[in-house]
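Single-structure report; data block below.
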Amino acid sequence: MTLTNWTLALGGLGLLLLGMQMLTDGLKAAAGGHLQQFLERSTQTRLRAAASGFAVTAVVQSSSAVVVALLGFTNAGMLKLRQAAWVVFGSNVGTTMTAWIVALIGLKINIGIFAWPLIGIGMLLQLFRKQKLSGQIGLAIAGFGILFVGLDTLRDAFEQVTAIVPIEQLRITGIGGIALAVVAGMVLTALVQSSSAALAIVLTASVSGVFSPLAGAAVVIGANVGTTVTALIASVGATAHAKRLAAVHVLMNAMTGISALILLVPMWWVAQLLSGGEQVTNISSGLAVFHTLFNLLGVALMWLFDERIFRAVERWYRLPPLRSGEPRFLDKTVLEIPAMGLNAVKQEQNRVLRQYQIRLRTLLRDSQLTEVTEEDIATGELLQHIHDYLQKLSSKSLHGDEALHLAELHGYQARLVDLRELVEKLRAASSSQIDASLNHDLRAQLLELLSGSEMSERPQANWQALVSSIRATRNLLRSTWLQQIARNELSPTDGAVLIQLASHWERTAELITALQA
């Protein structure tokens, strides 16, 4: 290849990656928060979750982008591991759409007839409707056109390869040759950070005769396994939720890759049969069929072994205990989409509130308390993590409901800090002082307020009624203690302590009620 051919290939690769990035970014921006809503509604069964993953990836044209988003959704508590995993399995099948688009359209017809107009129309929409939905769709349309221009450029460059590199030299022989082709596919995907882009490159090269059939099939296997690199990178330093989903993704693709290697020859024979024969012109279609068979094989394997894999990764990556100051939901993945970050912060704040409820019930000597409690909890550390995340979210560009939600979370955080101070003051009192600050009625009212099994179902009017009862009981106790002080039955110092503790109980009830609103 001459320098011109090399620069042509490099330029084609750049256009291909740029087109895919623009397509993905445009469609993600156009979808906005609708992706979350769609996945929450469409992942109730394995089949529905897989179908959702297929549909989203077929539209967005990037399984890596979908998997990274799912890491965030899982972290934020929006999706359970099993729901997100089956979306990933379906997403793998969705990547086959890229292969079919390239094989049936990009390599079969004159790309310039529609690619250049798409670029023009898309960029005009982006230019004049930048802040609108149509502007984001325009970006995606332009990206689609650039993607095909990149494919056309790559095809022209690869045609020069066959003149100096005989196909026979690239025919794989033996286990070593197959392994080398698989590694080549993994490296290619790791470098371009997109299995869809890697497959487009492989298919474009194959139609020019660069790959022999089995070599191309082995590279396809490697490309599918290599796509897990993106998920692994995204999960570095992430919470257990993200690591579990990344591990499921790796195990699924590794199991499928090993199975496909064992069945390589019969799978390629089926792909060749369905694509029309051994001619070089049919190799790209054959590889598209092989890629589809590979991912369908993966779904079939997961249908049989998914629960075993889920149980394994849940053992490997355990969630931090309730008392831990380590976040369960907050990491870099949930900052990708502001809605995920907001939900993740809310999950962590609820975790802090649940622990303080346990602490208060412990101070009240709740006989119904069955949860294991710890003498000390790193809530200060966890509250600091939440505070830092709120600052990061505040630096994002939020509008409308998201901005209002962030403001509410800041208010919620301030109440949690106030509650922490009150709990620490109550814990600093002796057991005898705590008992003296409570009569039977006040203890019963506080325990009713803190009853975990009923809190979520209790109407707001009931909360207010309980707070009013607690306030009335506290006023009655205060009046009693003041009378005892006047009669010298209670020392002023002890009376002041009891009055202060009762005030803390009342304020605690008010904060708990406000946090439940």
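Values in this text are rule-based calculations from the coordinates and carry no lab data. These numbers were taken from a predicted model, which means no experiment stands behind them. Cβ: placed from backbone, ideal geometry, glycine included. Neighbour counts: every protein chain shown.
In this label model, E408 and T7 are separated by 5.8 nm, measuring between points 7 Å along each Cα→Cβ vector.
Counting 0.36 nm for each residue step from R478 to S394 and taking away their Cα separation leaves a gain of 25.9 nm.
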